[in-house]
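Here the structure is laid out as structure tokens; the discussion comes afterwards.
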Amino acid sequence: MSEYLIESALLTHGLKSITNEMLLSVWKKREKRIVWMESGKIQTGEIQEYCTFREKSQYYARINYQNFQHFQREKKSGILTASGTMRACEILGIPLAVTCGMGGLMQGQHKEECHDILALAESTVSLVAVSPKDMFDLKITLDCIKSEGIQILGYHTDVCSGYMFQNNEIPLSGIWKKEPLYPKTLYLRKIPDEKRIKNHQVLEMACAYGIEREKEGHYFHPAVNAKIDELTDGKSSKMQLDALIKNIEWAEML
């Protein structure tokens, strides 16, 4: 069994411009490490198997740490978010989950309103990510995570400054110094500044679009990702895929 699992939510709903053919051309690791759920059963597969599953992506619900058992009991299929992947890791005895952008909090919200923070607080599984997504308050989110006794280690940096957009630098617990994997740890590897999106109006327009789509019964985060992809001519999707692959490389080192 592998030592880490890769979430399927971004790969399924979050990369509007990335085709299966593009995924197959850039994906180097062929081990069964991508995770999803089919008919209530946890499935792990390599990239070719996952792409077959991805072809029906419009039918899949998003599974998180809290609703995981419901999907198992009801024998439903779906894709796993960061926290859902952490739950699968718990069940399979795997210590590390890999994602890209993770959930967070806005002003006035509490940890109970973020599945990923709840998973970090309750699970011994660690998580590799880039950052909380840009629509969240970065300081509130990271402060909340640290207040739960979770250390946050950065890759060659001890600050986090946002996801696809540049934000204020928020201190982490420290820098990863090539130590072995710690339990209950959030590992953050940022997207290089020069690759990030400079125009913050793109984020504002995408969030407004996501709110409208959510009112119509659609998922908020995939809608935001799709609009950012559209407004950046696909740059955001490639950026996130590159970042996910970098995080997988870090998971290999951990």
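Taking Cα centroids, how far is the range 114-167 from the range 23-56 in Å?
26
So, with a 1.4 angstrom probe, what is the percent of accessible area on the chain that is carbon and sulfur?
On the way: 5830 of 11650 Å².
Answer for the chain: carbon and sulfur cover 50 percent of the accessible area.
Just want the answer: with Cβ charges of +1 for Lys and Arg and -1 for Asp and Glu, which residue in GLY210, TRP176, GLY162 is farthest toward the dipole's positive end in the range 151-232?
The Cα lying farthest towards the positive end belongs to TRP176.
If each DSSP helix of 4+ residues adds -39,500 (n - 2.57) and the sum is divided by the residues in the chain, what number results at 222 nm, nearest 500 deg cm²/dmol? Could you put the intermediate results ahead of the total?
Details: 9 runs with 97 residues, N = 254.
Calculated mean residue ellipticity at 222 nm is -11500 deg cm²/dmol.
State to the nearest 20 debye the size of the charge dipole of the range 186-254 about its Cα centre, where the only charges are +1 on K and R beta carbons and -1 on D and E beta carbons.
Details: 11 positive and 12 negative charges, 34 e Å.
Once rounded to the nearest 20, the dipole reads 160 debye.
Amide H neighbours of GLN43 under 5 Å, at least 5 residues apart or on other chains, H built in the peptide plane: list them.
Amide H neighbours of GLN43, under 5 Å, 5+ apart: TRP36, MET37, GLU38.
What order, most packed first, do the peptides 72-82, 23-33, 199-209 have when packing is the mean number of other Cβ atoms within 10 Å of each residue? Mind dumping the intermediate values first?
Values: 72-82: 19.5, 23-33: 13.7, 199-209: 15.4.
Sorting 72-82, 23-33, 199-209 by mean packing, highest first, produces 72-82, 199-209, 23-33.
What does the accessible area per residue of the range 30-122 come to in Å², with a 1.4 Å probe and no ligands, DNA or RNA counted?
Working: 4180 Å² over 93 residues.
With the other protein chains kept in place, the range 30-122 gives 45 Å² per residue.
Over the chain, what is the mean sequence separation of C-alpha contacts under 8 Å (at least six apart), divided by residue count, expressed as relative contact order in percent? Display every interim value, and only then the final one.
Numbers: 503 pairs, mean separation 48.0, N = 254.
Value for the chain: 19 percent.
Direction-averaged shadow area of the convex hull around the Cα atoms of the range 15-87, nm²?
Working: hull surface 19.1 nm².
So the Cα hull casts an average projection of 4.8 nm².
Please calculate the 1.4 Å probe accessible area of MET22, with all protein chains present, and give it to the nearest 10 Å².
80
In nm, to one decimal, how far is the modelled label at GLN48 from the one at GLU179, with both set 7 Å along Cα→Cβ?
Distance between label points: 4.1 nm.
So who's got an amide H within less than 5 Å of the one on GLY101, skipping anything under 5 residues away but keeping other chains? H placed 1.01 Å off N, in plane.
VAL130
So how much slack lies between ASP242 and LYS56, counting 0.36 nm per residue of separation and subtracting their Cα-Cα distance, in nm?
Details: separation 186, 0.36 × 186 = 66.96 nm, distance 2.33 nm.
Extra length from ASP242 to LYS56 when fully extended: 64.6 nm.
Mind listing the phi-derived Karplus ³J(HN,Hα) values for the range 34-46, rounded to whole Hz, using 6.51, -1.76 and 1.60 with θ = phi - 60°, and x for any glycine or proline?
6, 10, 8, 10, 10, 6, x, 10, 5, 10, 10, x, 8
Would you kindly derive the ³J(HN,Hα) couplings of the range 178-194 from the backbone phi angles with the Karplus curve 6.51 cos²θ - 1.76 cosθ + 1.60 (θ = phi - 60°), listing them in order in whole Hz, with x for Gly and Pro?
Couplings: 6, 6, x, 4, 9, x, 6, 10, 9, 9, 10, 10, 6, 6, x, 3, 5 Hz.
Which of rounded, prolate or oblate describes the range 1-57 when judged by the alpha-carbon gyration tensor and an a/c cut-off of 1.5?
Values: a/c = 1.83, a/b = 1.21, b/c = 1.51.
Oblate shape, in that a/c is at least 1.5 and b/c is the bigger or equal ratio.
What does the C-alpha gyration tensor say about the overall shape of the range 124-254? Classify as rounded when a/c is under 1.5, otherwise prolate if a/b is larger than b/c, or oblate.
Details: a/c = 1.93, a/b = 1.66, b/c = 1.16.
Prolate.
Tell me which of MET239, LEU188, GLN201 sits at the most positive position along the dipole axis of the range 134-254, charges placed on C-beta atoms (Lys, Arg +1; Asp, Glu -1).
Projecting each Cα onto the dipole axis, the largest value belongs to LEU188.
Could you size up the charge dipole of the chain around its Cα centre, putting +1 on the beta carbon of Lys and Arg and -1 on that of Asp and Glu, and report it in debye to the nearest 20?
Numbers: 32 positive and 33 negative charges, 82 e Å.
Around 400 debye, computed over the chain.
The values are calculated or read from the model by the stated rules, or taken from the named source; none is laboratory data. If you're wondering where the values come from, they're calculated on a predicted model, not measured in any experiment. A quick note on method: Cβ atoms are made from the backbone with ideal geometry, for glycine too, and the neighbour counts reach across all protein chains shown. In case anyone asks, the SASA skips ligands and DNA or RNA and just uses the protein heavy atoms, side chains included. Shrake-Rupley method; radii C 1.70, N 1.55, O 1.52, S 1.80 Å.
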